[in-house]
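Derivation of every value follows stated rules applied to the coordinates shown; laboratory data play no part. In this text, all values refer to a predicted model and were calculated from it rather than measured experimentally. Cβ coordinates were reconstructed from backbone atoms using ideal geometry, including for glycine residues, and neighbour counts include every protein chain displayed.
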Amino acid sequence: MAIAKNAELPKILTLRQVADLLNVHPETVRRWDKTKKLISIRVGSRGHRRYQQKELLNILNNHQKRQGKKTF
């Protein structure tokens, strides 16, 4: 999925939003968090994951570099 402008994304995203944007299962996003491929912020008493926009953009940029500038 290509993301045209940073302004279109919220600054903080939920796990589900990240999974939907990257077209992956939420468990994949959790796994990336555990392996530090994607860094989360834990919020609330239950430790829900939130992701900064810049972390999502880093993942997209890294993927595009590996794929020869193809969109995600």
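The trypsin sites (Lys or Arg not before Pro) of the range 29-72 that meet both conditions, a loop assignment by DSSP and at most 16 other Cβ atoms within 10 Å of the site Cβ, are LYS36, LYS37, ARG46, LYS69, LYS70. The distance between label points at VAL24 and ILE12 comes to 2.2 nm (points 7 Å beyond Cα on the Cα→Cβ vector).
Placing dummy labels 7 Å off each Cα toward the beta-carbon, the span from ASN62 to LYS34 is 1.7 nm.
Give me the orientation-averaged projected area of the Cα convex hull of the range 6-66, in nm², one decimal. Kindly include the intermediate steps, with their values, before the conclusion.
Values: hull surface 16.8 nm².
Answer in nm², one decimal: 4.2.
Grab the other residues whose beta carbon is less than 14 angstrom from that of LYS37, score K and R as +1, D and E as -1, and report the net. In short, +3.
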